[in-house]
Each structure stands twice: as structure tokens, then as C-alpha cells.
1. Under the condition of being hydrophobic (A, V, I, L, M, F, W, C) and open to solvent by 70 Å² or more (accessible area, probe 1.4 Å), which residue from the stretch 2-53 is farthest from ILE117 (Cα to Cα)?
2. For the stretch 1-35, give me each residue that is β-branched (Val, Ile, Thr) and in contact with a Pro (Cβ under 6 Å, 6 or more places away or on another chain).
3. I need a count of the residues in the stretch 30-54 that are among the hydrophobic types (A, V, I, L, M, F, W, C) and in contact with a Leu (Cβ under 6 Å, 6 or more places away or on another chain).
4. Does at least one position in the stretch 9-19 carry a residue that is of a type in the set (Ser, Thr, Tyr) and out of contact with any Lys or Arg (no Cβ under 6 Å at 6 or more places or on another chain)?
5. If you check every pair at least six apart or on different chains, which have Cβ atoms under 6 Å apart with a residue in the stretch 139-158 that is near ligand 1 (Cβ under 9 Å from one of its atoms) first and a residue that is open to solvent by 100 Å² or more (accessible area, probe 1.4 Å) second?
6. Are any residues in the stretch 62-75 farther than 22 Å from GLU23 by Cβ and surrounded by 19 or more Cβ atoms within 10 Å (Cβ to Cβ), and if so, which ones?
7. Under the condition of being assigned to a loop (DSSP other than H, G, I, E, B) and small (Gly, Ala, Ser), which residue from the stretch 6-33 is nearest to GLN130 (Cα to Cα)?
8. Return the total of residues in the stretch 73-87 being without any contact (Cβ under 8 Å) to a residue 60 or more places away in the chain and out of contact with any Ser or Thr (no Cβ under 7 Å at 6 or more places or on another chain).
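The values are calculated or read from the model by the stated rules, or taken from the named source; none is laboratory data. Since this is a predicted model, take the numbers as computed values, not measurements. Here the Cβ is made from the backbone with ideal geometry for all residues, glycine too, and neighbour counts use every protein chain on show. Ligands, DNA and RNA are stripped out before the accessible areas are found, and what is left, the full protein with its side chains, is counted by its heavy atoms. Shrake-Rupley method; radii C 1.70, N 1.55, O 1.52, S 1.80 Å.
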Amino acid sequence: MLLSIKEMEVRKIAFAETWQPGEIDFDFADAGVRQTAPLRAEGVAELLPHTGEEVRVHGKVETVLESDCDRCLGRATFPVSTSFDLFYRPVELEVTAEEVAIDEGEAEMGFYELPGIVLEDILREQLLLQLPMQRVCSESCKGICPSCGANRNEVSCNCGVVHTMTADDRWQALRDIKVH
Ligand SMILES: [Zn+2]
Ligand SMILES: [Zn+2]
């Protein structure tokens, strides 16, 4: 959905939209991230008076995203929900170094080009920001065995046991030496 600057010159744009999984591509922005539930967003986009075409977009968005678990490569599910309040300037106004320096303190300031701002781009970015750095299917995920590659959530492989037995065997060998 285009948030048209021309339309904002006439009135505020109120949006309340739903996108089904697949209609917004998360995977291209962050590899392996998929949407698995309807994405709902509502809010308002408006031109702020007396600011030189500055646009404010605020509202909330929610959906469920999933990715591969960092530890076991299984499915990691993340319900995400956030509200946002963002400000955009026309890209032509980004002129002097002085202004750029001031902008560094304004984390929420973005830039737009005509004909306007694509709402889906805003929502994708806001939702991806909500994902944790470490994406695991559960905090207790045991991951993949580095020796045999088994998913240790599903099977208990014998690799750990073999290590223990090897250690025991060595002690046994030492004891044998002492005895003789
Ligand atoms: Zn996992
Ligand atoms: Zn193993």
C-alpha cells in the first residue's frame, strides 16, 4: 500500500490492513525469516504542517514470524507485535553536513521520495527489529550433536556416553598398570 504524499496533502491517511503469509516478503530482507500468520497493521500517515513536507507515520503491527533455530535448525516461532512512531523527510532536504550531524541524534528519522512511502516496507523493518539476536526454538533447545549430527531434542545419541566410557577405560588401564 502506497502512503501517497499527494493524498496526505489533502487529508490524513488512516490504514487498517491485513496481509496473508507470502504477501509481504520477509525472506529477502533477512534470510530464512517467514511470516506464518496474518499480518495486521493499523495507523495513520500524515504530513506535519510547517515542517517542510515532513511525514509522520504511527500505528501498530503484529504477526507471527518463524526462522530456523540457530541451534537445531528446527522451526523457531516468534509472535511479534510492536507500535511505531516514525518521521520522514523528503530526500531532497538532506543537504548539509550540519544537518546530517543533527540527524544522528534522531534515530527515527527516515527519508522518502515521491510518490510516497510503501507501508509494507515500514512494517517489514519494524517487525524484523523485534526478532531476538539469537533465534532458538526454545531456551532449552539442546541443539545438534557436533559428533554425529543428531538432533538432541529428538534423540539422545550415544556420543556423550562413548566419551564417558573412553575416560573410564583409560582409568581402568591405569589401574591395570598399577596392579601389575
Ligand atoms: Zn532448536
Ligand atoms: Zn551424537
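1. ALA31
2. Correct list: THR18 only.
3. Qualifying residue count for the region: 3.
4. Within the stretch 9-19 (the criterion being of a type in the set (Ser, Thr, Tyr) and out of contact with any Lys or Arg (no Cβ under 6 Å at 6 or more places or on another chain)), the answer is no, since none of the residues qualifies.
5. Within 6 Å, the pairs are ASN153/LYS142.
6. CYS69, ARG71, CYS72
7. ALA29
8. 9
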